[in-house]
Structures are given as structure tokens and as C-alpha cells.
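Below is one structure, written out as C-alpha cells; comments come after it.
Bear in mind these aren't lab numbers, they're just calculated from the coordinates by the rules spelled out. Being a predicted model, the structure only gives us computed values, none of them experimental. Note that we place each Cβ from the backbone using ideal geometry, even for glycine, and neighbour counts take in every protein chain shown.
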Amino acid sequence: MDITKYFKKQPKPNQPRDAATLAKTARSQGGRSRTVCPEWYKKYSWLSVCSTGKVFCHTCVAMARQGKLTMSKSKEAAFVSDGFSNWKKAMAAFQQHEASLTHREACTKKAAEKTEPISARLVTQTAAQHAKRRMCLKKEIESLIFLLRQNLPIRGKKEEEGNLHQLLALRQRDVPDLRTWESYNSPVIQNELIRAIGHSLLRGLLTDIRAASFFAVMADETTDAAREEQLSLSIRWVDSDLIIHEDPVEFIQVAETTGDALAAALKDALLRMQLPLAACRGQAYDGAANMQGRLRGVATRLQQECPSALHVHCLAHCVNLVLQEASRQQKIVRDALDVANSATTFVRNSPKTTEVLRVMAQQAGSAGTSLRPLCPTRWTCRTACLQSVLGNYTALLDTFEKVNSSASDDHSQRAGGIKAVMEKFGTVLGLHISVAVFSVAEGLSRGLQSATATAQQATQAAQRVRLQFRRMRTEEEFDAIYQAAKAMADDEDRVEEPTLPRKRKVPKRLGGGGEHHDADPTAFYRRQFFELLDLLDTQLEERFNQPSMNKVGEVERLLEDAAAGKTCAVPDAVKELHGRDVDVKRLEVQLKMLPDIMSQATSDASVAETSNSSVISVHSVCQALQKAKTTGGEVFCLMMNEVLTLMRLYLTLPVTTATSERSFSTLRRTKTFLRTTMGQARLNAALLATIHRHRTDQLDVDAILDEFVSANERRRLFFGKQ
């Protein structure tokens, strides 16, 4: 029987409490009272009155309804189920019920309901501690990611002065819990967290590379600040949208630089990354014998295991070698470069001489820029140095003259020697010729260093430079350069007039007798200028005419002819090269649909600018396929899968190792002479975080935290399970 619906609310505190009122017990309806003395409520708070005038113990009634009164045999029916109304013995009955086992059991169990069990309280407290610890560790990981991304050191000379410690101290203003965070801050833990960050970055990168099915290898070697040999490994791959990617993935410390050792290191790295060598479709290295050796080079060894892995001699290195060979054979350019190098080195190595040059430039009213150093390895980056020397020519002559006359030591004598060479007209003309030639080659080198450069684009760029050199091989072009040098020499009185060198008669026994003698200085310098241009043209043709480039040219012609509506027959060279990667018969069928795709794509303004009905390039075909794939979706990918595969294979071939060389700059900024004790695993993680910053910004910190916590049972107990 549910009797709680009969309960009345307890009397309000403002009810009359005088003795007369308390003494009255109004009786009606058979002697049952409808009111209870308010003083009883003060003494017995468990009383409740129902509408019939009877009183109950609301505590016992509530526990009885829940079936929790199990200890007492007597259930005190008067206060639990029937109701109490014997007012004459009310006080005695109340006292007796309050002392009864039934009431005490009810009160105990009701109090237990309001109090959380100790076990539950321990679980709640432990969970709060785990959440706090995980939050602090997460903030530490986020701080490490920030420092790695910005290529900043983690620790300092003292631990409390390190960047990580100071960054966490700064973040305590926003996260007060970090003030008590002292655990898991040791150098060993930091290294483990850094390795976890690096592994997370590398896993994401390798997942995308494996999805591409094909890749190419680019490698180059350098020496770090600790005098250790580092082999930079980069991967070139093409995604499903025909977008080219070149990503450095690892620096490998090698003890030997022989072809065998480097090939073994590369194969071991690819094996660890789960990149099968059978999927390699290209290689790019510099021209060193250990890389490009015909018998025992790295390229030869890898191609023996994977014939489809075409190797390319880095075309940017080829341009560098072209200028190096031309400068070595042409005396006028060689002498000009030597003078520029000597002058800039002499001034830049002495702060006193640098200040003298600055004062002389101000006195001469020269607006020239500061001297730039002559790059010792990159010949295509020497234009800035040559232009700075020409812009400060008068100030340099004044500086060397002052230094030479101020003392008689070796330093001043060297200044006098440089000044004597700079006063020759051949030096001025050689600088002008070098600027004219090197500036053209520098543009070619910059274009080749693009990460998205393809074989056809590189070949076309080299062809344009060759045409430019041929256009420069005219008397008009030489006269313009000669007159500019002559005007500069006339303005500077100390520069000698152009003269012919002393004639040398070679004995007949040494093959002499057929020497050519120029009529005047102009003819002498013109002949050297033309020989330089001819040599550059010939060298470019020879060094860009590589076997791998010729094989790739077959793929280019096939795609261009098919897009123009010509023959779609796959040549034997393409079958031999990519016969295992594409279905030749399906490819020929799909190539017949390329003209329709090109005609639809040319309606787009962006593609129409680069594609022409009479001149179709692989680049325009790639753009058309990208546009058709965007509009056609999965249906187009299935319908033209062989053509898309062939295009991806073509784009996968690298043409330079510029990406690997750019990673050298990051290596020098990361492993400085103050951080030479850095381990290889930590170095690779730091390099990945700062090179692939867009991936670093997308790291899942919670996943890194879970990986770190799950390493052992002690951490799982300390941080809990998420």
C-alpha cells in the first residue's frame, strides 16, 4: 500500500508555539487528531502526518518500500504501514520507535545511500589524477612539437635554462597544473617522445608513398658538424591526382662511402620503410664515381636488381659541370673568376679592410652593394658575386691601393697583386662576359631545382638556353659587351688599354707553325667569346643526352602523338621499360580517347593557355587528365587507368637531387657545433618535424601520448587507459 500520497508537509515555522496551543489536542472524528504538536517535529524529525491524521516514520517507510529492512523481524507496523494515532502514549511510542532496531537499520541504510562508497571514491580520485597527468604530458608533447617544428634546441647548458623547461614554465600561467608536473621530464624521456613524434610523421608519409605504388630514389652525401658522413635519402612519388611530391625521409650515417656501402645502406633503409625495391622506377644522384660508376656504382647495383629503376645524373649538377668545364678551358673567364674570388675573400676576411672599402665607396659616391662571396661549389650561383665586384670596382681599386701603401707585409703585398690584375682590361671584360654567360645558366639551374620538374621540362629549358647561347654568338652581342667594358675602363684611368698578348712561337717539333694570330685586341677577345659559347652549347648537349632521358623521351612522344590524334601504337622501348606496369593492349585502346579528352580540356581557359592544337606537350596532357579526373571521378579513373598509370610512371622519374641538397641546409641548422652529440634517431625526428611542417601541424598528439603510455605497465598504471 502506497501511503506516501497521504503525507502532509511539515508545519511552517511561523505556526503558534504557545503553551495553550500545545496543550490543546483537538479531537474529532472518533478521537483522531488532524494536527501534531510542532515541538514533536523538532525532537523527532522523522515524523510525517497523512491526511487521515495518523503519523508515520518516513525514513522507515522509504526503506521498507525499497525492501532494505531485512535485519529486524518486527517491522514496527504502527509507524511503517498502519500509522500511529494513540496520542495518549505518543511521546513514549516515539521514543520506543526511535530506539528500535527497525528505525536504526532504516537510518543507517539511508545514510549509506547519501555517502559514496570508498571504492567508488578511490576510482573517481584515480581517474582525476590520470586525467591530470595525461593533460600535463600532452602539454609537454605539444611543447616538444613546437620546438622541433621551429628547429629550436630542447635543452640548454643547464636543464632549467633549456627551451623546453622555460616554455613549460611560461605555459603554467594558462595551465596551473603544470606547476606540480615534475615527472617524465628527463632527457631519456624527452628523446623517447621525440622519437615517437618522428615515427608518427614518418608513418604518415610512408603511408602516402606506398599508396602511390611507384617511387623514385634521390640520394646525396655530406658531412655534418660532428665530421660524420650523412647520406640524405629522399623519395619522389606521384599521387592519384598526378601531383608530384619530393620528400626527404631519412639521414643515414655511413662509415664508408664506397658504392657497395652506400647501396647496402639505401636497400636497408627501403626495407625498413617497407618500400619494395621492385616498385622503384627512378634514381637520381650526382656524378661521383661511387654513385654513377658503370661497374660498382650505386645506380648500377640497384638497377641490376630492378631494371626499371632508371638512373639520371642530376641535371643541375650537369649545368654546374658545364660552367666549370667552360671556365677551366677559357682563360679570360678563369682569370676573372680568380680575381673576383681573391678580391672578395681578401676584403671579407678582414674587418679593417671591409671598413676601408665602405669608406672608399662613400667617398666615390658608389651605389654598389656589399661584396658577395664566390660560391666554391655552385658555379651557377656566382652571378651575384661578379655583379658586386663590378659595382664596387673603383672602391676596390682604392681600397687595395691604400692597403698596399700602408705597410709592406704579406697582407699589403697581396693587395698590390690583386690591384695589378684588376687594372688589366682583360679582367674587366672577363667579368662582363662571365656575368652575361653565368646569368643565363643561373636561370636554367633555378628552374631545374623545382621539385615538380619533369624530364620534358628540363630538356626544353636546356634547349632554350642553348638557343640563347647561339643568339649571343654574334658580333653585335659581343660588341655590346665589349663597349660596356671599354666604357668602364675609360671611366677608370688606372685600367690599362686593351692590348694583344705576347706572341708565342711554338717550335715545329712540338707541332708549331700553324698558329693563328689576331689582328687586334677586339678580334682576340671576340674569338675567345665565341669559343666560350660554342663550348657551352656542346657541353649542354652532351651532358643532357643521357640514356635514361632518351628512354623517357619515347614515353613523351607516345603521349604527345596520341593526344594529337596520331599513332597510338606503343613502341618497343616503352614495352620493355613499363611492360610489367601497364597492360599494353588496354593502353593502346585508351590512348585513342586522349584527343577527345584534350578537346574537352582546352575549353578551360587555364588549360587552353598551355595547350595548343599544333603543339601538345606532356604537361598539357597531364593538365587535361587532371581536369577530366576531377569531373569524371571514379568512372574516369577506371576507364583511363592505364593512361593514368603511364603518366604517373613518367612523372615519377626525378631530374635533379635538389631536394636532397636542400635538406643539407636543414641539417646544418639543426646539428650545429653546439649539438654535435645528438643521436641519429633524434636527429632524424627533428629534421622530419622541421622539413615537413605541414604534416607536423596535423599530428595527432593523443595518438603519440597513447603510444608512449602503452610502452610498459608502469606507465599504464601512472597515466591510466584512455
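Given a cut-off of under 8 Å on Cα pairs at least six residues apart, what relative contact order in percent is computed for the chain?
Relative CO of the chain lands at 16 percent.
Add -39500 (n - 2.57) for each DSSP H run of 4 or more in the chain, then divide by its residues: what number comes out at 222 nm, to the nearest 500 deg cm²/dmol?
Result for the chain, helices only: -18500 deg cm²/dmol.
Counting only DSSP beta bridges with both residues in the chain, tell me the antiparallel percent, nearest 5.
Approximately 75 percent, going by the DSSP bridge assignments.
If I take every Cα pair under 8 Å that is 6 or more residues apart in region 514-598, average their sequence separation and divide by the length, what percent do I get for the relative contact order?
After rounding, I find 25 percent.
For region 591-720, what is Rg from Cα atoms divided by 2.2 N^0.38 Å, rounded to two decimals?
On the way: Rg = 23.7 Å, N = 130, 2.2 N^0.38 = 14.0 Å.
Compactness ratio reported: 1.70.
Note down the net charge around Arg236, summing +1 for each Lys or Arg and -1 for each Asp or Glu among other residues with Cβ under 15 Å from its Cβ.
Charge balance near Arg236 sits at -3.
Please report the net charge: other residues with Cβ closer than 12 Å to the Cβ of Leu646, K and R +1, D and E -1.
Once positives and negatives cancel, what remains is -2.
List the trypsin sites (Lys or Arg not before Pro) within region 54-99 that DSSP assigns to loop and that have no more than 14 neighbouring Cβ atoms inside 10 Å.
Those that pass, being in a loop and sparsely packed, are Lys73, Lys75.
Dimensions of region 301-374 along principal axes (Cα, Å, largest first)?
66, 26, 21
Can you give me the orientation-averaged projected area of the convex hull built on the Cα atoms of region 182-273, in nm²? Kindly include the intermediate steps, with their values, before the conclusion.
Values: hull surface 32.0 nm².
The directionally averaged projection comes out at 8.0 nm².
Which of the GluC sites (Glu not before Pro) found in region 151-197 are in a DSSP loop and have at most 13 neighbouring Cβ atoms, other than their own, within 10 Å?
Sites meeting the loop and neighbour criteria: Glu182.
Please report the projected area of region 345-481's Cα convex hull averaged over all directions, in nm².
10.3
Could you give the spread of the C-alpha atoms of region 249-376 along their three principal axes, from largest to smallest, in whole angstroms?
Principal extents (largest minus smallest coordinate, Cα): 67, 33, 25 Å.
Quick check on my link table: of Lys267/Lys551; Lys88/Lys109; Lys54/Lys109; Lys132/Lys671; Lys566/Lys629; Lys132/Lys157, which ones sit more than 28 Å apart, alpha carbon to alpha carbon?
Pairs exceeding the cut-off: Lys88/Lys109; Lys132/Lys671; Lys132/Lys157.
Rg and Dmax in Å for the chain, alpha carbons only: what are they?
My reading of the Cα-based Rg and Dmax gives 44.1, 159 Å.
Taking K and R as +1 and D and E as -1, what net charge do the other residues with C-beta under 10 Å from the C-beta of Ala451 add up to?
On the way: positive: Arg236, Arg662; negative: Glu246, Asp247.
Around Ala451, the charge tally is 0.
Exactly which trypsin sites (Lys or Arg not before Pro) in region 305-400 are in a DSSP loop and have at most 16 other Cβ atoms within 10 Å?
Taking region 305-400 and a limit of 16 other Cβ atoms within 10 Å, the loop trypsin sites (Lys or Arg not before Pro) found are Arg378.
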